[in-house]
Amino acid sequence: MISVLPGPFFKAVSRSDHVSDTVEDEIFKCQQCGYCCQGETTVSLNQDDIERLVAYLKMSFEEVRERYLRVTGNVTQMKTVDGHCIFFKDRCTVHPGKPWRCGQWPLHPSIIVDPANLEAIKDSCPGLLRDVGYEEFSRKLVDLLKSGKVKGG
């Protein structure tokens with residue numbers, strides 16, 4: 001359940017919270033196209049994500065919640081505008097403070113389970129390297145998950 005109160009301390013955003021440069025070199029290189037920011041829903045936010053946004057935006061929790069967040073029951077998401085994340089304007093406007101899941105996309109553990117998942121994600125993400133086959137991609141993703149360079153959701 002997402003708490004409606006921010007924590008007492010805000011965590012600094014580090015590159016380790018997002019996909020590492022090594023990962024980008026091996027199987028993924030973000031094109032910053034924003035395709036992953038499109039749709040009528042956005043990623044679900046956890047308390048750390050909310051605190052990171054509050055700290056990055058230098059606004060109160062209440063302001064961030066009112067302006068940018070949509071809360072439905074226990075689920076908190078970023079609002080959408082014109083079919084994309086509210087923070088997307090030609091590119092992510094909160095990139096250093098973006099939610100954890102945004103920083104991990106598209107390297108989702110579901111890719112390991114079914115080759116069709118990799119193909120579906122390749123169809124929507126130009127950053128996944130095309131010359132890497134399913135077996136090699138899965139092996140590298142498993143290695144990255146085990147090493148902690150990518151964290152499973």
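Regarding region 65-82, can at least one residue be identified that is in contact with a Gly (Cβ under 9 Å, 6 or more places away or on another chain) and either modelled with pLDDT of 85 or more or closer than 25 Å to K122 by Cα (or both)? Checked region 65-82: at least one residue is in contact with a Gly (Cβ under 9 Å, 6 or more places away or on another chain) and either modelled with pLDDT of 85 or more or closer than 25 Å to K122 by Cα (or both). Those helices (runs of 4 or more DSSP H) of region 73-145 in which at least 3 residues are of a type in the set (V, I, T), considering only elements entirely within it, cover 110-113.
Just so you know, in region 72-123 the residues that are surrounded by 13 or more Cβ atoms within 10 Å (Cβ to Cβ) and of a type in the set (V, I, T) include one that is farthest from the chain's Cα centre (by Cα), and it is I112.
The values are calculated or read from the model by the stated rules, or taken from the named source; none is laboratory data. From a predicted model like this one, the values you see are computed outputs, not experimental measurements. Because the Cβ atoms are built from the backbone with ideal geometry, glycine has one as well, and the counts that use them run over all protein chains shown.
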